[in-house]
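Taken together, the values in this text are just the output of simple stated rules run on the coordinates, not laboratory data. Keep in mind that what you see is a predicted model, and the values were worked out from it rather than measured. Counting neighbours? That spans all protein chains shown, and the Cβs are built from the backbone with ideal geometry, glycine included.
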Amino acid sequence: MLTQDSLQKLIHQIDAILTKTTLGRLIVYTGDCAFLEVEDSDEIIILDDTYKIEVLNDTEWVSITYEQAVHTLSSDGWPLYAGLTARIRKEVR
């Protein structure tokens, strides 16, 4: 039986396939580096400024830069985007 959460997860997975992005959880070490922990996998992708990063803000995807991902802190000093559902795509330059 599909629950609301599992249905939403399935929608995000289908959306990632259609947009040719990789879906996962954003991991951030304050002021140092960011990674994407790929969903349903042991794979970790080390991010840099060559990736387009989008984080899920409630119901919409919001683009952020690598610098924002690494350096933006919450009011209590923690990385603001850490732990959020994110999707990435390597940008061709």
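Mind pulling the angle between the C-alpha long axis of helix 4-18 and the longest principal axis of the chain? Nearest 10 degrees, somewhere in 0 to 90. Its long axis makes an angle of about 70 degrees. For residue 44 and residue 72, FRET efficiency with R0 = 30 Å and r from the beta-carbon atoms, rounded to 0.05? Efficiency, rounded to the nearest 0.05: 0.90.
Evaluate the charge dipole of the chain about its Cα centre and quote only its size in Debye, nearest 20, assuming +1 on the Cβ of each Lys and Arg and -1 on the Cβ of each Asp and Glu. Intermediate results must be reported in sequence, preceding the final value.
Details: 8 positive and 16 negative charges, 63 e Å.
My answer is approximately 300 debye.
Here the 3J(HN,Hα) profile of the stretch 31-44, calculated from phi with Karplus coefficients 6.51, -1.76 and 1.60 at θ = phi - 60°, is x, 10, 6, 9, 9, 10, 8, 5, 4, 6, 7, 8, 6, 10 Hz, Gly and Pro shown as x. Annotation: amide H of residue 51 within the under-5 Å range of 91, sequence separation 5 or more or interchain, hydrogens built in the peptide plane.
The mean sequence distance of close C-alpha pairs (under 8 Å, at least 6 residues apart), as a share of the length of the chain, puts its relative contact order at 31 percent.
Can you give the translational diffusion coefficient of the stretch 50-91 in µm²/s, computed by Stokes-Einstein from the Kirkwood radius over Cα pairs at 37 °C and 0.692 mPa s? The calculation lands on 307 µm²/s. Each residue of the chain gets 110 Å³ once the volume of the Cα convex hull is shared out per residue.
Grab the DSSP H runs of the chain that are 4 residues or longer, score each as -39,500 (n - 2.57), total them, divide by all residues and round the 222 nm result to the nearest 500 deg cm²/dmol. Present the calculation step by step, with values, prior to reporting the outcome.
On the way: 2 runs with 21 residues, N = 93.
Rounded to the nearest 500, it is -6500 deg cm²/dmol.
Given 0.36 nm per residue, what is the gain on full extension from residue 17 to residue 3 after removing their alpha carbon distance, in nm? Difference between extended and current length: 2.9 nm.
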